[in-house]
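Q: For reference, the structure I am asking about is given below.
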Amino acid sequence: MLKKMTQLLAACAMIAMSGCTPKEESRDYCSEVRSVDRLVLAQMTISKMATIDDIKPGEAHGLRQTAEALIDAVKIGDRKAAYAYGTYLRASIDLSGIRPEDVRVDEKARTITLDLPAVTTEYLGRDLGIREVHYRVTGLRSQIDAGERAALKEKMNTILKNEVEERPFFREKLIAQAKTKAAAFFQSLLGEGGRYTVIVNFKN
């Protein structure tokens, strides 16, 4: 009788202990994704080279340019320089506005589906200076000044941006790389070592 009572008390104790064991809290996937904020995924360097040279009389526009070109044509010496300018095109995703409905967990299928904002691109490095590749000023020719270099930089920056807009290949390639990296990133962040398959969709 004593043995049966002891077994019964032990069983009750085990039940009580199991009832007090805290449940594992479910992860707040939405907050985890939102906390990443802005995710930078890919970057591309775009460069351009241009030269500074005297305007030839046949290329001048207006009386002032024509007069300057004629004077330069009779000056002794050479005046020519080449400069390189580079900027960066970066692809990223703004995750600060992710909502709970954008993150869906299917425990039965072991999948997590994310509906992410579209990948956006932006230019960086606008404050970078131009790099001198070649410089030759001889004789009585005037040195190339800061104003000429600044004007050349503005011209190259405009040309670079126009080329990217006219040739969508650059941006499309960068966005494709960003999407691939986003899928790998969120699989690592939320997949729990392969327990879940993370499916990444992009809006727009």
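Q: Considering every residue within the stretch 109-117, establish whether at least one is in contact (Cβ under 8 Å) with a residue 24 or more places away in the chain and basic (K, R).
A: Yes, there is a match, as at least one residue in the stretch 109-117 is in contact (Cβ under 8 Å) with a residue 24 or more places away in the chain and basic (K, R).
Q: Which of the residues spanning the stretch 37-60 are modelled with pLDDT of 65 or more and either closer than 30 Å to S142 by Cβ or exposed (fewer than 15 other Cβ atoms within 10 Å of the Cβ) (or both)?
A: D37, R38, V40, T45, S47, K48, M49, A50, T51, I52, D53, D54
Q: Also, I was wondering about something else. Could you grab the pairs with beta carbons closer than 7 Å, sequence gap of 6+ or different chains, first residue in the stretch 156-178 and more than 23 Å from V40 (Cβ to Cβ), second one among the aliphatic types (A, V, I, L, M) and open to solvent by less than 70 Å² (accessible area, probe 1.4 Å)?
A: Final answer for the pair search is M156/A50.
Q: State yes or no: is L89 out of contact with any Asp or Glu (no Cβ under 8 Å at 6 or more places or on another chain), at pLDDT below 95 and either open to solvent by less than 60 Å² (accessible area, probe 1.4 Å) or among the aliphatic types (A, V, I, L, M) (or both)?
A: No; evaluated as a whole, the condition is false for this residue.
Q: Another question about this same structure. Under the condition of being assigned to a strand (DSSP E or B) and open to solvent by 30 Å² or more (accessible area, probe 1.4 Å), which residue from the stretch 113-132 is farthest from F186 (Cα to Cα)?
A: Only one residue tops the list, namely E132.
Q: Quick one: in the stretch 133-148, which of the residues that are in contact (Cβ under 8 Å) with a residue 40 or more places away in the chain and open to solvent by 80 Å² or more (accessible area, probe 1.4 Å) is nearest to T51 (Cα to Cα)?
A: This residue is H134.
The values are calculated or read from the model by the stated rules, or taken from the named source; none is laboratory data. Keep in mind that what you see is a predicted model, and the values were worked out from it rather than measured. Every residue, glycine among them, receives a Cβ derived from its backbone with ideal geometry; neighbour counts consider all protein chains shown. Keep in mind that these areas ignore ligands, DNA and RNA; they rest on the heavy atoms of the full protein, side chains included. Shrake-Rupley method; radii C 1.70, N 1.55, O 1.52, S 1.80 Å.
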